[in-house]
1. Among residues belonging to the range A:92-116 that are of a type in the set (Val, Ile, Thr) and outside any loop (DSSP other than H, G, I, E, B), point out the one that is modelled with the lowest pLDDT.
2. Does residue B:81 count as more than 14 Å from every other protein chain (Cβ to nearest Cβ) and either surrounded by 14 or more Cβ atoms within 10 Å (Cβ to Cβ) or over 14 Å from residue B:20 (Cα atoms) (or both)?
3. Taking the range B:57-68 only, how many residues are open to solvent by 50 Å² or more (accessible area, probe 1.4 Å), assigned to a strand (DSSP E or B) and modelled with pLDDT under 90?
4. Return yes or no: is residue A:47 within 14 Å of the chain's Cα centre (by Cα) and not basic (Lys, Arg)?
5. From (1) aromatic (Phe, Trp, Tyr); (2) in contact (Cβ under 8 Å) with a residue 60 or more places away in the chain; (3) out of contact with any Phe, Trp or Tyr (no Cβ under 6 Å at 6 or more places or on another chain), pick out the condition that doesn't hold for residue B:106.
6. Out of all the residues in the range A:65-91, which are in a strand (DSSP E or B), more than 10 Å from every other protein chain (Cβ to nearest Cβ) and not small (Gly, Ala, Ser)?
7. Assess whether residue B:25 counts as being in a strand (DSSP E or B) and closer than 21 Å to residue A:43 by Cα.
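The values are calculated or read from the model by the stated rules, or taken from the named source; none is laboratory data. This structure is a prediction, so every number in the text was calculated from the model and none was measured. Quick reminder, even Gly has a Cβ in these numbers, built from the backbone with ideal geometry, and neighbours come from all protein chains shown. Calculation scope for accessible area: heavy atoms of the full protein, side chains included, ligands and nucleic acids excluded. Shrake-Rupley method; radii C 1.70, N 1.55, O 1.52, S 1.80 Å.
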Amino acid sequence: AQKVTQAQTEISVVEKEDVTLDCVYETRDTTYYLFWYKQPPSGELVFLIRRNSFDEQNEISGRYSWNFQKSTSSFNFTITASQVVDSAVYFCALSEAETGGFKTIFGAGTRLFVKA
Amino acid sequence: SQTIHQWPATLVQPVGSPLSLECTVEGTSNPNLYWYRQAAGRGLQLLFYSVGIGQISSEVPQNLSASRPQDRQFILSSKKLLLSDSGFYLCAWSATRGGLAGSEQYFGPGTRLTVT
């Protein structure tokens, strides 16, 4: 069965600190997709990144970077030099291609507070 | 560019009353459409998804139903609301490329429903 665990419920940092949000997933499929979404206080989820199971290259987009490691079933998200605008709830999600491919499983989310 | 609309933004309804939430997508054809519910402080729960007009799949047995009368219109309904139906309802769409599993989802602004 597929499962996504975000063990950090809340994280609080001071502006300009680096912060890593952890995501551990479980799946029996060999083809799957991982996602990160951001939910600011307004409530609308914003897509950040998509990764397929065959691409373990880390990705960097500005201050955001993602570390995908199949060996540990983790897909961690790092924000460098955090800013107040980064305050939001971040969700990691998993979707399997072979079994019920429509179903994206979301983690419980990590609430990030960035203080000025 | 694609946009997704949801209305109403907020709704307060008494127990036992009917419900109709509407979602429309612009700027794309034949999208996959989804309804999610997010309880306070929790992750997202997939309620329904649709791959085409009139094609609805239900994930969670409940007193809610969904319909897709047009390609880019998705409606969430209930004949009689329960207290437990309170939550934040999000509509989302994804492109059909890459199949259901591989596509990222784009979310609407959500409807906050309070059942009293």
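1. The selected residue is A:104.
2. yes
3. Residues that pass the stated criteria total 1.
4. yes
5. So the condition that residue B:106 fails would be (3).
6. Across the range A:65-91, the qualifying residues are A:66, A:67, A:68, A:69, A:75, A:76, A:77, A:78, A:79, A:90.
7. The answer is yes for residue B:25.
Yes or no, residue by residue, for (1) at pLDDT 95 or above; (2) in contact with a Cys (Cβ under 6 Å, 6 or more places away or on another chain); (3) of a type outside the set (Lys, Arg):
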site: B:73; (1), (2), (3): yes, no, yes
site: B:77; (1), (2), (3): yes, no, yes
site: B:86; (1), (2), (3): no, no, yes
site: B:91; (1), (2), (3): yes, yes, yes
site: B:95; (1), (2), (3): no, no, yes
site: B:98; (1), (2), (3): no, no, yes
site: B:104; (1), (2), (3): no, no, yes
site: B:114; (1), (2), (3): yes, no, yes
